[in-house]
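Here is the structure we will look at, set down as structure tokens.
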Amino acid sequence: MGERVRVYVTTCDAYLPALRPFAWLLNKNWRPNPEVVVGGFTKPDFDLPSNFTFHSIGKQEDYPFSKWTNAASKMITDLPDEVFVLMLEDMWITRGVDTKAVQVLADYMHQFRYVARIDLTGDRLYAHGMRKYGSVAHLDLIVSMPGSPYHLSLMPGLWRKEHWLSVIQPDWTPWQVELQGTPELSHKSREMIVLGTRQWPIRNILALRGGDVGKLLLNDIDETDVRELRRIGFLSHWEEEK
């Protein structure tokens with residue numbers, strides 16, 4: 001296997017509290033712990049785990065929500081990795097990660113440069129418009145057809161830097177990445193593809209559904225983990241506001 005893949009996490013000042021449960025669940029479920037780079041604006045006023053580093057993109061006021069891709073692309077440009085896992089801070093991991101699968105797929109992307117993205121969840125598996133593509137190691141690969149819904153989903157996935165920068169346009173929100181990025185990539189379908197697997201290497205929830213920072217969705221997290229997150233105060237930001 002090649003060099004261990006790093007995880008990039010995007011955040012903003014309003015969502016900084018989500019990093020604490022995000023990091024706790026990631027480190028519990030992803031063994032050995034990966035190197036994680038958080039791209040944001042104001043450095044959090046709490047400590048992150050030792051495998052996490054914070055990369056400041058600039059000032060929050062220079063990157064309103066309508067310019068989300070400007071901030072994400074700056075982070076991706078600033079950092080050296082050609083292939084990386086991209087996640088948002090409210091994507092909390094709920095089960096043990098198949099770390100071998102993640103690394104195998106990262107190595108696959110290094111070998112086959114026309115692969116723009118590999119979904120690490122079941123998002124592409126259950127999307128309309130996919131077909132069997134092949135296999136690698138213990139994984140069954142599927143190819144996501146360019147016209148399928150959310151072809152460029154921002155669910156946890158591996159990305160290749162050069163293809164992100166060629167497809168993702170400035171002044172897009174995350175939703176525009178998923179909706180407008182699909183036809184944008186379709187124009188380049190001879191140059192790049194999006195893959196997924198039948199095996200779901202990562203299982204996660206969207207803890208702050210719809211951008212509602214005042215509402216947590218915890219039903220799919222193990223009850224023992226929820227109790228521990230409450231005990232150590234990592235959910236208090238939301239629950240004390242109720």
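The values are calculated or read from the model by the stated rules, or taken from the named source; none is laboratory data. As the structure is a computational prediction, the values presented were derived from the model and not from experiment. Neighbour counts are summed over all protein chains in view; Cβ atoms, including those assigned to glycine, are modelled from backbone coordinates with ideal geometry.
Matching residues to (1) under 28 Å from S148 (Cβ atoms); (2) surrounded by 14 or more Cβ atoms within 10 Å (Cβ to Cβ):
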{"position": "K43", "(1), (2)": "no, no"}
{"position": "D47", "(1), (2)": "no, no"}
{"position": "H55", "(1), (2)": "no, yes"}
{"position": "F65", "(1), (2)": "yes, no"}
{"position": "A72", "(1), (2)": "yes, yes"}
{"position": "Q103", "(1), (2)": "yes, yes"}
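For beta carbons closer than 8 Å, sequence separation of 6+ or different chains, a first residue in region 40-52 that is among the polar types (S, T, N, Q) and a second that is at pLDDT 95 or above and assigned to a loop (DSSP other than H, G, I, E, B), the qualifying pairs are N51/N33; N51/P34; N51/E35. Each residue in region 43-61 was checked for being part of a strand (DSSP E or B) and of a type in the set (F, W, Y), and 2 pass. Screening A71 against (1) in a helix (DSSP H, G or I); (2) farther than 25 Å from P170 by Cα; (3) touching a strand residue (DSSP E or B) at 6+ places or on another chain (Cβ under 9 Å) leaves a single unmet condition, (2). Each residue in region 189-242 was checked for being in a loop (DSSP other than H, G, I, E, B), among the charged types (D, E, K, R) and at pLDDT 90 or above, and 4 pass.
Report whether or not T11 is of a type in the set (S, T, Y), surrounded by 12 or more Cβ atoms within 10 Å (Cβ to Cβ) and in contact (Cβ under 8 Å) with a residue 60 or more places away in the chain. In short, yes.
Return yes or no: is L26 of a type outside the set (S, T, N, Q), at pLDDT 95 or above, over 23 Å from Q176 (Cβ atoms) and surrounded by 14 or more Cβ atoms within 10 Å (Cβ to Cβ)? The answer is yes for L26. Does region 54-72 contain any residue that is touching a residue at least 60 places away in the same chain (Cβ under 8 Å) and under 23 Å from I202 (Cα atoms)? Checked region 54-72: at least one residue is touching a residue at least 60 places away in the same chain (Cβ under 8 Å) and under 23 Å from I202 (Cα atoms). There is at least one residue in region 130-137 that is in contact with a Lys or Arg (Cβ under 7 Å, 6 or more places away or on another chain) and surrounded by 14 or more Cβ atoms within 10 Å (Cβ to Cβ). Pairing each residue of region 16-39 that is within 14 Å of F54 (Cβ to Cβ) with any residue that is assigned to a helix (DSSP H, G or I), provided the two are 6+ apart or on different chains, yields C-beta distances under 6 Å for G39/M75. For L79, are the conditions met, namely being more than 25 Å from G39 (Cβ to Cβ), out of contact with any Lys or Arg (no Cβ under 7 Å at 6 or more places or on another chain) and in contact (Cβ under 8 Å) with a residue 40 or more places away in the chain? So L79 does not fit the description; no.
Let's see how each residue does on (1) under 17 Å from M192 (Cα atoms); (2) part of a loop (DSSP other than H, G, I, E, B); (3) over 14 Å from the mean Cα position of the chain (by Cα); (4) of a type outside the set (V, I, T):
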| position | (1), (2), (3), (4) |
| --- | --- |
| L125 | no, yes, yes, yes |
| K132 | yes, no, yes, yes |
| S135 | no, no, yes, yes |
| I142 | yes, no, yes, no |
| S148 | yes, yes, yes, yes |
| L152 | yes, yes, no, yes |
| L158 | yes, no, no, yes |
| W164 | yes, no, no, yes |
| Q169 | yes, yes, yes, yes |
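Test R117 against the criterion of being within 25 Å of W175 (Cα to Cα), charged (D, E, K, R), touching a residue at least 60 places away in the same chain (Cβ under 8 Å) and part of a strand (DSSP E or B), and give yes or no. The answer is yes for R117. Scanning region 78-91 finds no residues that are assigned to a helix (DSSP H, G or I) and under 21 Å from A207 (Cα atoms).
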